[in-house]
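Each remark here refers to the structure printed beneath this line.
The values are calculated or read from the model by the stated rules, or taken from the named source; none is laboratory data. Just so we're clear, the structure is a prediction, and the values are computed from it rather than from any experiment. For neighbour counting, all protein chains shown are included, and Cβ atoms are generated from backbone atoms with ideal geometry for every residue, glycine included.
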Amino acid sequence: MSEPMTFKRRFPWGWVLLGGLALLVVAVMIAARNAPLSLAVTSPTVFQAGERNPVLTASGYLVARHRATLSAKVPGRLAWLGVEEGTRVTKGQIIARLEATDLEASRDQIQVNLKQAELDRDRGEALAKDGVLDRASLDRLRSAVATLKAQLAYQDALLENMVLRAPFTGTVTQKLSEVGETVSPGSAGGANAINAIATLADFDSLELEVEVNETGLPKLHKGMPAEIRVDALDAEPGRKPLRGLLREIYPASNRQKATVLVRVALVDKDPILVPDMGAKITFMGEPFPAQTLVLGRELVVRRQGRPFVWTLENGRAALRPVELGLENPIGFLAKGIPADLPLLVVPQELKLEVGKRVHPKER
């Protein structure tokens, strides 16, 4: 007779391991929930009494108010060019000359004929005094001299047309022709003719050209001050913005962009500035009568329609009510909070809870 089968029960190590993992996951979740968040801390922007309120910001480019593309008055071949890119010229300075050998020869011929006509006139006047030459013949001699002088003046004008002079003091920004090329005014001269010789700009007349949205136009007026930050100058640490004045609001709108063109004159100059440099401009309104705080838009949160800011109190996040005023390019004018209040910069996707521990970090 055989013995009955017996089953040996083993210890449930699998369930113990699974339970331990579950406890570990719960512990990690609790630890992660209680771990402090690392958030940037900042303070309100403070404007002191007398500082101007920024009302509008825009971007634009430097342009020269006095700028000209220089071309010859008559078609011809370029015989001499005295400028390169960057050459500084003064008003009336000769920039280029066209070939004029035929005109010069024609002038020389007229000059010789004029000298002979003047000799004939002088002899005629002497003969007329002696009664040998009649008055009509003397008048014809005098008329011949006057005619040749007029022809000589006309020839000098033609020769002057072969010379290109600077219309104002400035700097050559582009050289568009080379010696030996045929140049022509406007569209004359055929397809192979070049219409311009050089481009000249007066760097002393540099100003900022800005496209302003139509909705911001009511905030602007002629003569209002502005602060200009040129991209090429921002690399210098501690560089203050350049001062400017709104010179002109153009009486036309771009229907595609819904913008209006505005020109801002530079009060401060810098030798590094050249046309087409990019810049950012802030138009400044009236001065603040007292110390004023401004909150960035990203710092303001709303609860039940009321504005609050996240602040750091004893290492924990707290909501603090704030009174908001008018809006400017920086944010909202604010009241009801101190100027040194530590404010938390909370990303929009983060669900921050009151009392959550926060570890501040540099912004």
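Matching residues to (1) in contact (Cβ under 8 Å) with a residue 24 or more places away in the chain; (2) over 30 Å from residue 278 (Cβ atoms); (3) surrounded by fewer than 18 Cβ atoms within 10 Å (Cβ to Cβ):
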site	(1), (2), (3)
127	no, yes, yes
130	no, yes, yes
134	no, yes, yes
141	yes, yes, no
152	yes, yes, yes
167	yes, no, yes
179	yes, yes, yes
197	yes, no, no
204	yes, no, yes
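Among the numbered criteria (1) in contact (Cβ under 8 Å) with a residue 40 or more places away in the chain; (2) more than 19 Å from the chain's Cα centre (by Cα), which single criterion is violated by residue 252?
Condition not satisfied by residue 252: (1).
Kindly establish whether residue 121 is of a type in the set (Lys, Arg), out of contact with any Lys or Arg (no Cβ under 7 Å at 6 or more places or on another chain) and in a helix (DSSP H, G or I). Quick ask: steps written out before the conclusion?
Details: of a type in the set (Lys, Arg): yes; out of contact with any Lys or Arg (no Cβ under 7 Å at 6 or more places or on another chain): no; in a helix (DSSP H, G or I): yes.
Against the criterion (of a type in the set (Lys, Arg), out of contact with any Lys or Arg (no Cβ under 7 Å at 6 or more places or on another chain) and in a helix (DSSP H, G or I)), residue 121 does not qualify.
Quick one: in the stretch 241-297, of everything that is outside any loop (DSSP other than H, G, I, E, B) and of a type in the set (Asp, Glu), which residue is surrounded by the most Cβ atoms within 10 Å (Cβ to Cβ)?
Initially, the stretch 241-297 is screened for residues outside any loop (DSSP other than H, G, I, E, B), giving 242-254, 259-266, 278-287, 292-297.
Applying the additional criterion that residues be of a type in the set (Asp, Glu) yields 248, 286.
Values: 248: 14, 286: 9.
Per the stated criteria, the residue is 248.
Quick check on the stretch 21-44: of everything there that is surrounded by 13 or more Cβ atoms within 10 Å (Cβ to Cβ) and modelled with pLDDT under 90, which residue is nearest to residue 220 (Cα to Cα)?
Filtering the stretch 21-44 for residues that are surrounded by 13 or more Cβ atoms within 10 Å (Cβ to Cβ) and modelled with pLDDT under 90, the one nearest to residue 220 (Cα to Cα) comes out as 43.
Where in the stretch 53-118 are there strands (runs of 3 or more DSSP E), lying fully within it, with 3 or more residues that are surrounded by 17 or more Cβ atoms within 10 Å (Cβ to Cβ) and of a type in the set (A, V, I, L, M)?
Numbers: elements: 67-70, 76-81, 94-98.
Of the strands (runs of 3 or more DSSP E) lying wholly inside the stretch 53-118, those with at least 3 residues that are surrounded by 17 or more Cβ atoms within 10 Å (Cβ to Cβ) and of a type in the set (A, V, I, L, M) span 94-98.
Could you tell me whether residue 145 is part of a loop (DSSP other than H, G, I, E, B) and either buried (at least 17 other Cβ atoms within 10 Å of the Cβ) or at pLDDT 90 or above (or both)? I'd like the intermediate steps shown before the answer.
Working: part of a loop (DSSP other than H, G, I, E, B): no; either buried (at least 17 other Cβ atoms within 10 Å of the Cβ) or at pLDDT 90 or above (or both): yes.
So residue 145 does not fit the description; no.
Checking the condition in the same structural domain as residue 203 (by TED's automatic domain parsing) and part of a strand (DSSP E or B), which residue from 172, 179 passes?
Working: 179 fails: part of a strand (DSSP E or B).
Only one candidate qualifies: 172.
Residue by residue, here is whether (1) surrounded by 11 or more Cβ atoms within 10 Å (Cβ to Cβ); (2) assigned to a loop (DSSP other than H, G, I, E, B); (3) free of Cβ contacts under 8 Å to residues at least 60 places away in the same chain holds:
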| site | (1), (2), (3) |
| --- | --- |
| 302 | no, no, yes |
| 309 | yes, no, yes |
| 318 | yes, no, yes |
| 337 | yes, yes, no |
